[in-house]
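Colleague: Just passing along the structure, written as structure tokens.
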Amino acid sequence: MKREMFQAPYPPYDPTDTSGFSYDTVVKRWPVILTNIIDHVHRLLHDMTLEAQQIRDLDLSRAEELSKKTKEGQEIISEISRLKYRMARDHELENIPQDGDILVAEYNAELDSLKQASCNTWFSAPWLYAECYLYRLIRAHFNQRTYWRGFDPFSTQKEDMFKNSGAAIYQIATTLHELESEKDKLQGDPDKLEVLFKEMIQMCLWGNATDLSLLTHLSPSDIEHLQTVGKEAQEARSDFILKDDQGAVWSYIKTLANQGKRLDFVLDNAGFELFTDFVFADFLVTYTPYFSQVVFHPKLFPWFVSDVTPADFTNTISSLLSSTFFPPNSTTSPDSVAHLQQMVTRWKNYIEKGIFTLATDISNGQKMTEFWNGPWPYWNMNELAPELGQWLSGSGLVIFKVSPLAGSFPLLSLRTNKADVAVGIDEKVAENLDNKGEKWRVSGKYALVSFLPGRIIQ
């Protein structure tokens, strides 16, 4: 029997509240994103024009191709400029054009419903829909051109940010290397593993190498000391973690020993954050007895600027293995460079063996992955993407970087607060922070570690 989709008992979050993050998004954040795309394409067109002029006498065919691509790029700039103009003036959202890519009908059907409800303009549409719609529309503007189809307008931005993370990445690689000699002992000692597990959570939660200071230069004899110091560091950071289920998720994970369980990682940001996701997955598969496989779930196309696409996933491995990707740093030791090579080579081998797998590479994975690029709340997953819901229901643990959602699978949510929505926080805690006048919901200074065990849906 088919279940009806859950309907929230309150209106969707939208920009009509001018004091909220959603309003600031339409007024400031989205226009900046569109301007950055325009500027990026402008720079590319400038370079193409110069190249075409230089090679016209040597390679006429290539020069003509660059000329055609430049003309299409100018059309894209015109369309995105028009989009920015319409957004600022609260015009209606227009249908996604047929571009031969996914979810056009779904987005336009939802837009028709919003039009009937008279909330189909940039300052009245539900924030979730409008944000997703924006990236799907940007995708269509590039897809409709011969020479720009599938282009990622954020790839350079993602790569540049990643290149700035070299020092932290080498540091973490050395940390993992120093665990190698203790691997056999660690797998049989849940107490020591718990300390390291919580540090890994901190790393993924904050995406900041300074939070790994306790793991730096770890030697075998340091692990005992770390059990004590680690607890003190956890307490020092606890004021910034408004919901902390680290103990609960570890208690659950310990029940999975030697069962060959699968971990599912729903990816968020590319670059350093994806690197820390790889490190966390590596730790759980290589150094603990709780998981034997990891499936990483990307977005199918460029999303929310920095979300991981299949190309980002692949490029991360090749970039980390390149000796020239990160700028030279006098503080980076040859040993750390070697440690990174060894660690990422292990990841590459895991990918080749299917221990690490991209969701798009599994059976029906392409179709399952479409859901992440849709305009829907995650609570409608089982109705709108039953194959994905069924897949995740078979997981030992699913790690998200969003607010938690109850479902038929055990879920660990690691989220820094960067939007008004915050789930599972004690009302008194929220009240106290509000009274202080802090922008705690959106500043990224505070975080949530939420665990929800799976439940069987009848």
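The values are calculated or read from the model by the stated rules, or taken from the named source; none is laboratory data. This is a predicted model, so every value here is computed, not measured. Here Cβ is always computed from backbone atoms with ideal geometry, including for glycine, and neighbour counts include all displayed protein chains. Note: areas computed on protein heavy atoms with side chains; ligands, DNA, RNA excluded. Shrake-Rupley method; radii C 1.70, N 1.55, O 1.52, S 1.80 Å.
Colleague: Mind listing which GluC sites (Glu not before Pro) in segment 75-112 are in a DSSP loop and have 15 or fewer other Cβ atoms within 10 Å?
Modeller: Here the GluC sites (Glu not before Pro) that fit, given the DSSP loop and packing criteria, are Glu94.
Colleague: Contact order normalised by length for the chain, with contacts defined as Cα pairs under 8 Å and 6 or more residues apart; what percent is it? Walk me through the numbers before you get to the answer.
Modeller: Working: 631 pairs, mean separation 72.0, N = 458.
That works out to 16 percent.
Colleague: Skipping prolines and chain starts, which residues have an amide H placed within reach, meaning under 5 Å, of the one on Val294, given they are 5 or more residues away or on another chain?
Modeller: Leu263, Phe356, Thr357
Colleague: Given only helices, namely DSSP H runs of n ≥ 4 each adding -39500 (n - 2.57), what is the per-residue ellipticity at 222 nm of the chain, to the nearest 500 deg cm²/dmol?
Modeller: -16000 deg cm²/dmol
Colleague: Could you give the dipole magnitude of segment 18-84 about its Cα centre, charging the beta-carbon of Lys and Arg +1 and that of Asp and Glu -1, in debye to the nearest 20?
Modeller: About 320 debye.
Colleague: Please report, in debye to the nearest 20, how large the charge dipole of segment 97-176 is about its Cα centre when each Lys and Arg carries +1 at its beta carbon and each Asp and Glu carries -1 there. Don't skip to the answer; put the middle values down first.
Modeller: On the way: 7 positive and 9 negative charges, 37 e Å.
Here segment 97-176 has a charge dipole of around 180 debye.
Colleague: From zero outward in steps of 5 Å, how is the percent of C-alpha pairs of segment 14-61 spread across the bins?
Modeller: Using 5 Å bins, I get a P(r) of 5, 19, 14, 11, 10, 9, 8, 7, 6, 5, 4, 2 for segment 14-61.
Colleague: Suppose we keep just the DSSP beta bridges with both residues in the chain; what percent of those would be antiparallel, to 5?
Modeller: 30
Colleague: For Cα Rg over 2.2 N^0.38 Å, one of (1) 0.96; (2) 1.10; (3) 1.04 was computed from the structure I shared and the rest are decoys. Which label?
Modeller: (3)
Colleague: Given the protein chains as shown and a 1.4 Å probe, how many square angstrom of Cys204 are accessible, to the nearest 10?
Modeller: Result for Cys204: roughly 10 Å² accessible.
Colleague: For segment 229-344, what is the convex hull volume of its Cα atoms per residue in Å³?
Modeller: 169
Colleague: Just the ratio, please: alpha-carbon radius of gyration of segment 1-121 over 2.2 N^0.38 Å, N its number of residues.
Modeller: Taking the Cα Rg and dividing by 2.2 N^0.38 Å, one obtains 1.51.
Colleague: Percent of accessible area on segment 66-160 owned by carbon and sulfur, 1.4 Å probe?
Modeller: 46
Colleague: Can you give the accessible area per residue of segment 141-209, in Å², using a 1.4 Å probe?
Modeller: That works out to 41 Å² for each residue.
Colleague: Please identify the longest segment of the chain free of exposed trypsin sites (Lys or Arg not before Pro), where exposed means a DSSP state other than H, G, I, E or B and no more than 15 other Cβ atoms within 10 Å.
Modeller: Looking at the chain, 150-417 is the longest stretch - no exposed trypsin sites (Lys or Arg not before Pro) with at most 15 other Cβ atoms within 10 Å.
Colleague: How much area per residue is accessible in segment 301-458 when the probe is 1.4 Å and only protein heavy atoms are counted (Å²)?
Modeller: For segment 301-458, the per-residue accessible area is 47 Å².
Colleague: For segment 5-63, what % of the accessible area comes from carbon and sulfur atoms, probe 1.4 Å? Working shown, then result.
Modeller: Numbers: 2160 of 3830 Å².
Result for segment 5-63: 56 percent of the exposed heavy-atom area is carbon or sulfur.
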